[in-house]
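Trainee: My structure is below; once you've seen it, I'll send some questions.
The values are calculated or read from the model by the stated rules, or taken from the named source; none is laboratory data. Nothing here was measured: the structure is a model prediction, and the numbers come from that model. All Cβ positions, even for glycine, are placed from backbone atoms using ideal geometry, and neighbour counts span all protein chains on display. The accessibility values were calculated without ligands, DNA or RNA, using every heavy atom of the protein model including side chains. Shrake-Rupley method; radii C 1.70, N 1.55, O 1.52, S 1.80 Å.
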Amino acid sequence: MNFENSEFYSKLVEYTEKFKKALEAEREAEILNTLDEIKKFSGFERERRGRAILNLRGSFAGREIGGFYLVKFGRKKEIDTEISPGDEVLISRGEPLKSSLTGTVTELTSRSITIAFTEIPPNWVFDSNSIRIDLYVNDITFKRIDKTLDHLFYIKNQKTLRLLSIILGLMTPRKIEKAEIVDFYDKELNEFQKEAVRNAIGAENIFLIHGPPGTGKTRTVTEVILQEAARGNKVIATTESNTAADNILENLIKSGTDIEFVRLGHPARVSRELIESTLAYKLEQDNFYRKAQELREKAFALIEKRESFRKPTPQWRRGLDDKTILKLARKGRGIRGISPRNISSMANWIKINRQIQDLFEEIDYMEKLALKNILTRSMMIVSTNSSAGIDYMDDFEFDVAVIDEGSQATEPSCLIPIAKSRKLIISGDHRQLPPTIMSKEAAAILSKTLFERLISPDISSLLRVQYRMNEKIMEFPNQHFYDGLLIAHDSVREITLKDFNFKPTEPENTFLNEILNPENVLVFIDTSKSEENFESQRLDSTSRFNVLEAKIVSLIVKKFVENGLKEADIGVITPYNDQVDLIKKMLQLEEVQISSVDGFQGREKELIVLSLVRSNEENDIGFLEDVRRLNVSVTRAKRKLIIVANSKTISFNEFYLKLTDHFKQKGLFIDSTTIESLLGEFSETTQST
């Protein structure tokens, strides 16, 4: 194909303009949402929501790997926040809308939060007891995507252009010739995983690995990365999130490979246990980089020395250039009302400034050389999609781009590594949630991922053996999302809470005991006929909450804990953030993870309690209509799944009707006749809650 023809060019123009418009709308939506929340809510309210921390004071905490300046902000009152390491934050003197100072969270304790800055922060950070930190929008990713979209027009490599043409729909992928692999790094891969690896290695242009929950998708992807690198191919392995990138990195470390690899990105966004594999750490060990840091210290000392002389500003030099000032100084002369003393002082400033400039040029050269050396010898580079677009990566090209969790990344985000590569291998599961998009205008374009758009039987493999959940939990999502093709591995097929010696001691023959009973893997608590059951909405929120469901969830979770189940083994999922807040307040168990569906994607717990919230006479289920939310929620559970919901409201939707029927047939279904008894048995706890 002639990549310079008008069809390719016009298609590329249409493609990039579509995404540029959508991304700008999404960027504006994210910024407006953050600023609106800051305007609408007091600092106290934003802190209550976990999105701000007030009344802090900063103290210098040293330098971080990579040259970042650390400031530790602390206070006496305990910090309870959703802000976490890796987040971009806005720092202000109590008025965030008047500040432009941003940094990255590196550490969080019960009474302090440490922020990394690329430059020395202003003095006011250390001079006040009223510093405020707000969760903010990270604008860097948008800029890197925009830069990549512009770069697509300048790609010269024919294989990269062919890959881009497939993505544009102008070409079809070439036939896959399954690769022969004698020795797998991971000796415990099953046949479906091995088949996916062989197909991925044998693909010339593009291949997709479809990995349903618990099927070892990242493990399979890691094997692909290692096999490609072992064949002499340079690999860029990316994911949308830092956590997922860390998972790949951890797998590479465990493989014991002697092929060199490195993890890009801010060290604050990398797990501390993996820090030695980061670019920042490796730079600190490089001789060129160490020499550059010695020169940097020398430059800073000269900068301090330079301050003792008069800076030759226009006011003082009065039209004299540097050469003339230096000449006059050598002769010990003054001119035009400028004393010989001031001429000499300005000359000293100029001479020291030239030394500083020379030093920084040498520093820049040495740091770039150190970077180039590490990135050149590393056959596997691991990063987020965004970090793959960092400036120092501009001159690097790759034989293969491997994108894990591709179904959770927008298409333009995936283009960052793709634009540098000749071949694409992408994993994901389009039966789970797509990336969260805030802009309604952008959602129509950005919600459909590249993985979902490209997947077809000809260029994909399905991983079929799942290692996470009891077969009873797997059954419903298997039938309705994966055509019944999933197989529960022997190691998990019949796992229950009984494996933890969990033996509830509630009175026998009560339905509560049945709820707690490990043998009852599936439990549905139906609230449809309870007089207390109704959803609510705050005036200042688009979210929903349901007090009755929150009470039931809280009481049940407390009973599991009282009967010996560890808090850390329990997860509570609900589609609505206001319900998350309500359950957290009622439950007050720190180690029980309570989160939205989006926040729980990629995680798992022994027990999952799911509150669906919706309960209304109109039978309106809102965004529950995207049934992928249910798939994500259900498949987080390993040994037991409890759903609390109004069966009447949700069953107006045919899919949820099938869900309630499944629980009636295969699980424990508790109807409204016992709901009042449930709350009655714990009336004292309910009232105190």
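Trainee: For the stretch 1-87, with every protein chain kept in place, what is the accessible area per residue (1.4 Å probe, Å²)?
Mentor: Ligands and nucleic acids excluded, the result is 55 Å² per residue.
Trainee: Let me ask something else about it. Starting from the 7 Å offset along Cα-to-Cβ, what nm value, one decimal, do you get for the label separation of Gln479 and Glu273?
Mentor: Reported label-point gap for Gln479 and Glu273 is 3.8 nm.
Trainee: A further question on this structure: What FRET efficiency would be calculated for the residue pair Tyr467, Glu177, taking the C-beta separation as r and a Förster radius of 30 Å, to the nearest 0.05?
Mentor: Between Tyr467 and Glu177 the formula returns 0.50.
Trainee: Counting pairs of alpha carbon atoms under 8 Å apart in space and at least six apart in sequence, what relative contact order in percent does the stretch 107-214 give?
Mentor: Reported as a whole number, the value is 19 percent.
Trainee: Just the number please: accessible area per residue for the stretch 252-388, 1.4 Å probe, all protein chains included, in Å².
Mentor: On a per-residue basis, 56 Å².
Trainee: Mind checking the full-extension length gain between Lys311 and Arg336? Use 0.36 nm per residue of separation minus the Cα-Cα distance, one decimal, nm.
Mentor: Gain in length upon complete extension: 7.3 nm.
Trainee: Turning to a different aspect of this structure: Report the full-extension gain for the segment Ser59 to Arg290: residue separation times 0.36 nm, less the Cα-Cα distance, to one decimal in nm.
Mentor: The Ser59-Arg290 span can extend by a further 80.5 nm.
Trainee: Continuing with this model, one more query. In whole percent, how big is the carbon plus sulfur part of the accessible area of the chain, probe 1.4 Å, protein atoms only?
Mentor: Carbon and sulfur: 46 percent of the exposed surface of the chain.
Trainee: Pop a pseudo-label 7 angstrom from the Cα along the beta-carbon direction at both Ser42 and Thr109 and give the gap in nm to one decimal.
Mentor: That separation, rounded to one decimal, is 3.0 nm.
Trainee: For Lys20 and Ser536, calculate 0.36 nm times their separation in residues minus their Cα-Cα distance, and state this gained length in nm to one decimal.
Mentor: Working: separation 516, 0.36 × 516 = 185.76 nm, distance 3.79 nm.
Additional length available on full extension: 182.0 nm.
Trainee: As a quick test, which of the pairs Lys187/Lys605; Lys605/Lys640; Lys20/Lys147; Lys372/Lys420; Lys217/Lys254; Lys175/Lys420 have an alpha carbon distance above 19 angstrom in this structure?
Mentor: Beyond 19 Å: Lys187/Lys605; Lys175/Lys420.
Trainee: Determine which residues of the stretch 343-384 fall in the zone a paramagnetic label at Lys327 would reach in this model, i.e. backbone nitrogen under 19 Å from the point 7 Å along Cα→Cβ.
Mentor: Counting backbone N atoms under 19 Å from the label point, the list is 343-351.
Trainee: Additional query: Given R₀ = 25 Å, FRET efficiency for Phe500-Asp80 by Cβ-Cβ distance, to 0.05?
Mentor: Details: r = 29 Å, r/R0 = 1.16.
According to the calculation, E is roughly 0.30.
Trainee: In terms of Cα to Cα distance under 21 Å, which lysines are near enough to Lys648, apart from those fewer than 8 places away along the same chain?
Mentor: Filter leaves Lys529, Lys551, Lys658, Lys664, Lys666.
Trainee: While we're here: Say R0 is 45 Å: what FRET efficiency, to the nearest 0.05, do Ser456 and Lys664 get from their beta-carbon distance?
Mentor: 0.75
Trainee: Which of the peptides 533-540, 51-58, 394-401 is most tightly packed, and how do the rest follow, going by the mean number of other Cβ atoms within 10 Å of each residue?
Mentor: Order by mean packing, descending: 51-58, 394-401, 533-540.
Trainee: Using only alpha carbon pairs under 8 Å that are at least six residues apart, calculate the relative contact order of the chain and give it in whole percent.
Mentor: Normalised by residue count, the contact order of the chain is 12 percent.
Trainee: Provide the net charge surrounding Leu56, with neighbours chosen by a C-beta distance below 13 Å and charges set as Lys +1, Arg +1, Asp -1, Glu -1. Provide the component values of the computation, followed by the final result.
Mentor: Details: positive: Arg57, Lys72, Arg75, Lys76, Lys77, Arg93, Arg111, Arg132; negative: Glu47, Glu78, Asp127, Asp134.
Net of charged neighbours comes to +4.
Trainee: Using the Cα atoms as the points, what is the convex hull volume per residue of the chain in Å³?
Mentor: Residue-normalised Cα hull volume stands at 191 Å³.
Trainee: Counting only C-alpha contacts under 8 Å and six or more residues apart, can you give the relative contact order of the stretch 169-260 as a whole percent?
Mentor: 26 percent
Trainee: Calculated from DSSP H runs of 4 or more alone, at -39500 (n - 2.57) each and per residue, what is the 222 nm mean residue ellipticity of the chain, nearest 500? Numbers along the way, then the final one.
Mentor: Details: 25 runs with 291 residues, N = 689.
Helix-only estimate at 222 nm: -13000 deg cm²/dmol.
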